[in-house]
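Undergrad: So that we are looking at the same thing, I have put the structure below in structure tokens.
The values are calculated or read from the model by the stated rules, or taken from the named source; none is laboratory data. Predicted model only: the values in this text are computed from it and were never measured. Every residue, glycine among them, receives a Cβ derived from its backbone with ideal geometry; neighbour counts consider all protein chains shown.
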Amino acid sequence: MSWRHGLAAAVLLLAGGCESIGYYRQAIEGHLGVMASARPIDAWLADPSTSPALRERLETARRIRQYASRELGLPDNGSYLSYADLGRPFVAWNVFAAPEFSVEPKKECFPFAGCVSYRGFFSEAEARRHAAQLREAGYDVHVAGVPAYSTLGWFDDPLLSSFILYSDAQLARLIFHELAHQVVYAGGDSTFNESFAVVVEEEGVRRWLEAEGRSAELAAFRAAQERRREFAARVDAARERLKSIYSGSLSKEGMLELKRGEFARLRAEYGAIVPAEPNNAFLASISLYTQLVPEFERLLAESGSLETFYLRVRELAATKAEYRRFSGTQDGRTAGRTRPSG
């Protein structure tokens, strides 16, 4: 998840408004609190009070981090060479919102960072308070805990207790994903950024497990990847049906009835991963990470190497969203217009 917090964000206080000032203050203080808690991996390993389990995870993370730069061409910097114990299950909570009858997420726009499809909070209570305000305003809302975020190279992002105990493959996924945000970041296009990072993470994990000769884990990873693809396709189909419903001529009551039916079916099929009351905002939170994945996968296959892939994605990111085109797709799909307008 890319979430651009830095000391330069202090300038955002000039944006004015009590709510804005409070939001930016918690963002700055929350991020600086995370950074202040971080210590180098070597310091943790040298500390006799570090548990054997944490010691093993830190050593594994360091091995993954080295592979990321050496073999995947991801940034060779200070990110993920330190560790912070947060004392909470997530580093932050993101609030997604969408209109009652739209599949498009509400945009949150900030100076420097541009626009994103969510608003992040370091306090769960503040996130849920903001979510309640959005619900009162008539929005569909979804709140999700975040195990990690990227400062896009502004800071040396640390490993966090919120994800250090993940399995090896999932830990590698997260590290590769967050480092990918430091390679390419298209301001104002969360779906572009997250879909790109997903393709990098999955290609990276596949290569890493193959290099380590871990065939059983690779098979399990591929099976999980296929399940994620199936779920993404189901979510995309639901979004398309809802888009058609919302753009039609039905009454509000008619749209609401069909909307409830669509979400009831999704919940019945995927109850283990779909919240009790799914809505447009939940769909938006999933689509950010999946909607452009097929296009990026084709671009990676065409590129022949990660180096060329990164170069071509940088070129796309530097192009205005409405003119971004993924070559090699059957329909000549435009990246900036892939997401439906209503």
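Undergrad: Looking only at region 301-326, filter to residues that are assigned to a helix (DSSP H, G or I) and among the charged types (D, E, K, R); which one of those is surrounded by the most Cβ atoms within 10 Å (Cβ to Cβ)?
TA: So, considering only residues that are assigned to a helix (DSSP H, G or I) and among the charged types (D, E, K, R), the one surrounded by the most Cβ atoms within 10 Å (Cβ to Cβ) is ARG312.
Undergrad: Now for a separate question. Quick test of your reading of the structure: SER102 fulfils all but one of (1) assigned to a helix (DSSP H, G or I); (2) among the polar types (S, T, N, Q); (3) under 22 Å from GLY188 (Cβ atoms). Name the failing condition by number.
TA: Of (1) assigned to a helix (DSSP H, G or I); (2) among the polar types (S, T, N, Q); (3) under 22 Å from GLY188 (Cβ atoms), only one is false for SER102: (1).
Undergrad: Output the residues belonging to region 85-117 that are at pLDDT below 95, surrounded by 23 or more Cβ atoms within 10 Å (Cβ to Cβ) and not β-branched (Val, Ile, Thr).
TA: The answer is SER117, and nothing else.
Undergrad: Tally time: how many residues in region 118-150 are among the hydroxyl-bearing types (Ser, Thr, Tyr), touching a Phe, Trp or Tyr at 6+ places or on another chain (Cβ under 8 Å) and buried (at least 19 other Cβ atoms within 10 Å of the Cβ)?
TA: So the count comes out to 3.
Undergrad: Which pairs do you get when a residue that is under 12 Å from GLU203 (Cβ atoms), found in region 285-313, comes within reach of a residue that is at pLDDT below 95 and of a type outside the set (A, V, I, L, M), reach meaning Cβ atoms under 9 angstrom, with the pair 6+ apart or on two chains?
TA: Close Cβ pairs (under 9 Å, with a partner that is at pLDDT below 95 and of a type outside the set (A, V, I, L, M)) amount to PHE296/PHE326; LEU299/PHE326; LEU299/SER327; LEU299/GLY328; LEU299/THR329; ALA301/GLY328.
Here's the yes/no breakdown for (1) of a type in the set (Val, Ile, Thr); (2) at pLDDT below 95; (3) surrounded by 13 or more Cβ atoms within 10 Å (Cβ to Cβ); (4) closer than 18 Å to ALA148 by Cβ:
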position: MET1; (1), (2), (3), (4): no, yes, yes, yes
position: ARG4; (1), (2), (3), (4): no, yes, yes, yes
position: ARG25; (1), (2), (3), (4): no, yes, yes, no
position: LEU54; (1), (2), (3), (4): no, no, yes, yes
position: LEU58; (1), (2), (3), (4): no, no, yes, yes
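Undergrad: Pull out all pairs, ordered by first then second residue, where Cβ-Cβ is under 6 Å, the residues are six or more apart or on different chains, the first lies in region 161-190 and is of a type in the set (Asp, Glu), and the second is surrounded by 20 or more Cβ atoms within 10 Å (Cβ to Cβ) and in a loop (DSSP other than H, G, I, E, B).
TA: Within 6 Å, the pairs are GLU178/ALA148.
Undergrad: Right, THR60: in a loop (DSSP other than H, G, I, E, B) and either touching a Leu at 6+ places or on another chain (Cβ under 9 Å) or aliphatic (A, V, I, L, M) (or both) or not?
TA: No, not satisfied.
Undergrad: Only one of ARG207, ARG239 is touching a residue at least 60 places away in the same chain (Cβ under 8 Å) and under 30 Å from GLY261 (Cα atoms); which?
TA: The match here is ARG239.
Undergrad: Of all residues in region 159-190, count the ones that are touching a Ser or Thr at 6+ places or on another chain (Cβ under 8 Å) and either surrounded by fewer than 23 Cβ atoms within 10 Å (Cβ to Cβ) or aliphatic (A, V, I, L, M) (or both).
TA: Result for region 159-190: 6.
Undergrad: Still on this structure: Test of understanding: among ALA276, ALA216, ALA284, which residue is closer than 19 Å to ALA98 by Cβ and surrounded by fewer than 14 Cβ atoms within 10 Å (Cβ to Cβ)?
TA: Answer to the selection: ALA276.
Undergrad: List pairs: first in region 33-50 and in contact (Cβ under 8 Å) with a residue 12 or more places away in the chain and within 16 Å of ARG65 (Cβ to Cβ), second in a helix (DSSP H, G or I) and among the hydrophobic types (A, V, I, L, M, F, W, C), Cβ under 9 Å, 6+ apart or cross-chain?
TA: From residues that are in contact (Cβ under 8 Å) with a residue 12 or more places away in the chain and within 16 Å of ARG65 (Cβ to Cβ), the pairs are ILE41/LEU58; ILE41/ALA61; TRP44/LEU54; TRP44/LEU58; LEU45/LEU58.
Undergrad: Counting only residues that are buried (at least 16 other Cβ atoms within 10 Å of the Cβ) and either touching an Asp or Glu at 6+ places or on another chain (Cβ under 7 Å) or more than 17 Å from LEU160 (Cβ to Cβ) (or both), how many does region 27-52 have?
TA: Here the count works out to 2.
Undergrad: Something else now. Can you tell me which residue among ALA84, ALA53, ALA98 is farther than 23 Å from GLN26 by Cα, among the aliphatic types (A, V, I, L, M) and touching a strand residue (DSSP E or B) at 6+ places or on another chain (Cβ under 6 Å)?
TA: ALA98
Undergrad: Restricting to region 70-92, and then to whatever is assigned to a helix (DSSP H, G or I) and touching a residue at least 40 places away in the same chain (Cβ under 8 Å), can you tell me which residue is farthest from the chain's Cα centre (by Cα)?
TA: Filtering region 70-92 for residues that are assigned to a helix (DSSP H, G or I) and touching a residue at least 40 places away in the same chain (Cβ under 8 Å), the one farthest from the chain's Cα centre (by Cα) comes out as GLU71.
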